[in-house]
Structures are given as C-alpha cells and as structure tokens.
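See structure below.
All of the numbers you see were taken from the coordinates with simple rules; none came from a lab. Because the structure is a prediction, the values reported are computed rather than measured. Here the Cβ positions follow ideal geometry from the backbone for every residue, glycine too, while neighbour counts run over all protein chains shown.
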C-alpha cells in the first residue's frame with residue numbers, strides 16, 4: 001500500500017522576495033494536489049543575519065541556504081525553495097535539486113535615483129571598444145548618462161567588475177539588504193543608481209521602478225539568476241515525485257549548464273563569474289542531407305573578471321541541449337586557458353587576506 005502525503009512543509013527565507021517565491025511554489029503544488037496541505041516555515045540564514053559586511057568578505061558558500069538545508073536534513077521541513085543564484089554547486093550529502101521552475105527574466109536592472117543628475121553632467125569618458133564575444137552595440141545604455149564619479153550601489157562582485165570595465169570612474173559602494181531596503185536607500189539619495197535582478201523587481205510588482213534592463217552583452221547575469229529551485233531529500237521518493245511536476249525542462253537544462261560551468265571554475269556566488277545559457281529553438285537551418293542535425297541549440301556565454309574590472313575573459317559555446325553539462329565544462333576550460341585561472345587565483349587570495 002502506497003504511503004500518502006497529507007502535508008508538505010516548505011522551508012524559506014523570510015524576505016519579501018523569498019516568501020513570494022515560496023508562496024508561488026505553494027500555490028502551484030496546491031493546484032496540482034488540492035488534497036495536500038502546504039505550509040511555509042521561515043528560517044533565518046547566515047546571509048540574513050550579517051548585513052554590515054560585504055558578502056565576499058564573510059567567507060564560505062551557501063550563506064543563504066545553509067540553515068534551510070540543515071532543517072531539511074533534520075526532517076523539520078520537506079522541501080526548500082531557493083533563488084538558484086544562491087545555491088552552491090556542491091549540495092550536502094543526501095540532498096538534491098528535485099526541480100528548477102520556469103525562469104523569470106534573468107537580466108539585471110539599472111534603477112536610477114529620482115534625485116540623480118542624470119543628463120546634466122553626462123560622462124565624457126569614451127565608450128569601450130567592441131570586444132570579441134559579440135558584445136554588440138552598448139554605447140546607448142543609460143549607464144553612460146550617469147555623471148562622472150556617480151555612486152553606484154551593488155552587493156555583487158560580478159556586477160561590480162563588469163560595470164567598472166565600461167565605466168571605471170563609477171564609485172562602487174556596498175549595498176546589502178532586501179530589495180525594499182535597497183530601493184529605500186536609493187530614494188533617500190544614498191546612491192545615484194543601483195543594479196538589482198530584474199526577476200526580483202518583477203515578482204514583487206515593482207517593474208515600474210526599472211530605468212533600464214541591461215542586456216547580457218553589457219552585464220552578463222549571475223549563474224541561475226531568475227530561476228527558483230526546489231531542494232529535497234534524495235531518499236524521499238514521494239516528495240520527489242510530487243515536486244517533479246514543477247520542473248521546467250528547458251530552464252533546468254540551462255541552469256544546470258551554468259552550474260556545471262561554475263563548478264568547473266570552483267567559484268561561488270560572490271566571485272566575479274557570470275554565465276547565461278538559453279535554448280535557441282530557431283537555429284539556422286541545417287545544411288541539406290546533414291544527418292543528426294537537431295532542432296534547438298543550447299547557447300551559453302560565460303565570463304570571469306578581476307574585481308577592478310581591468311581584466312575580463314569571455315567565452316561562448318553552442319551545442320546540443322542533451323550535452324548541457326559537458327558544454328558548461330568546456331566553456332569553463334576555454335576561459336581557464338585564456339587566463340581566467342590567474343584572475344581567479346588573485347581574487348581568492350585577496351578574499352583570504354581580507355578575512356585574516
């Protein structure tokens with residue numbers, strides 16, 4: 001006789017965005033399984049407790065998931081709902097990602113302060129030369145309308161390095177806290193502009209605050225950005241089956257490609273590493289009589305940069321969606337051969353020294 005599940009306890013952080021994501025998963029599960037009661041359990045993580053120190057200096061991985069995973073292993077919760085960009089590539093023994101839900105917009109958003117002098121003292125700095133890797137036309141971005149020495153808020157080394165690469169004059173200032181806190185600090189005039197994830201802003205209903213969505217050619221997203229992951233115990237077969245209904249195949253392949261790229265580079269979420277994978281369902285037509293030509297192409301761009309933005313190594317690879325894991329690894333190997341290994345060694349050394 002099969003065991004029945006009458007209740008599912010979801011572990012989540014307590015921020016507005018985390019609760020929104022957990023509530024969404026709850027509602028989707030209840031649509032499919034109306035007979036099952038689903039509850040949320042809020043758990044405070046290390047990343048939530050330490051707000052006055054840059055994330056890169058706290059050290060360790062899993063700052064926003066560790067305590068939730070511990071509750072999962074203890075049996076205090078049945079599943080954990082995470083922002084995929086917060087999830088380390090190495091999961092605790094006994095846990096796995098049972099589902100990765102359909103991705104929201106993975107790009108970054110530029111939000112300029114209403115008090116900023118945008119346009120009144122436009123930067124006279126030259127726009128960057130075009131580089132290999134298909135960056136395209138980026139000189140019309142509103143990033144160039146910010147005055148010289150404008151104060152930019154971000155908590156991400158990934159964003160910091162890419163912004164300094166094109167606007168080395170910007171004054172980058174640490175910005176921690178939930179999205180509502182970040183917007184409040186912007187409105188108070190502490191910053192000329194901030195960079196945040198489009199997905200979070202949209203999910204909380206604040207899309208009208210976005211000044212400009214930055215294209216990946218300008219600012220490549222974080223690994224897993226915009227995707228919600230559901231983690232559970234590997235041996236909990238019933239929960240795995242229930243949660244598996246929320247897995248979005250295309251998103252899952254793309255995010256797992258990005259994570260294999262990150263894993264090969266041995267990077268964490270607070271290292272200047274970026275990647276964006278997507279499936280092109282309308283690739284160029286195959287040559288006549290070519291056998292084995294598949295519809296759909298998995299495309300991934302990756303980047304490793306120095307914290308000061310002076311050195312950035314980029315790469316691009318395409319292949320079959322069936323080879324998602326190996327494609328991420330191949331792209332990482334390509335960047336390592338181009339000099340990414342030396343850049344990362346320096347980043348890790350600085351990080352270690354700052355924690356001594």
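By the count of neighbouring beta-carbon atoms within 10 Å, fewest first, 84, 172 end up ordered 172, 84.
Peptides 251-259, 339-347 ordered by packing proxy, namely the average of other Cβ atoms within 10 Å per residue, highest first: 251-259, 339-347. As a rough guide to protection, the peptides 199-206, 15-22, 242-249, 217-224 ranked by mean Cβ packing within 10 Å, highest first, stand as 217-224, 15-22, 199-206, 242-249.
Using the 10 angstrom Cβ neighbour count as an exposure proxy, how do 64, 261, 191 rank, fewest first? List each step's numbers first, then the result.
Numbers: 64 21, 261 30, 191 24.
Fewest to most other Cβ atoms nearby, the residues stand as 64, 191, 261.
Taking the Cβ of each residue in 104, 231 as the centre, tally the other Cβ atoms inside 10 Å and list the residues starting with the fewest.
104, 231
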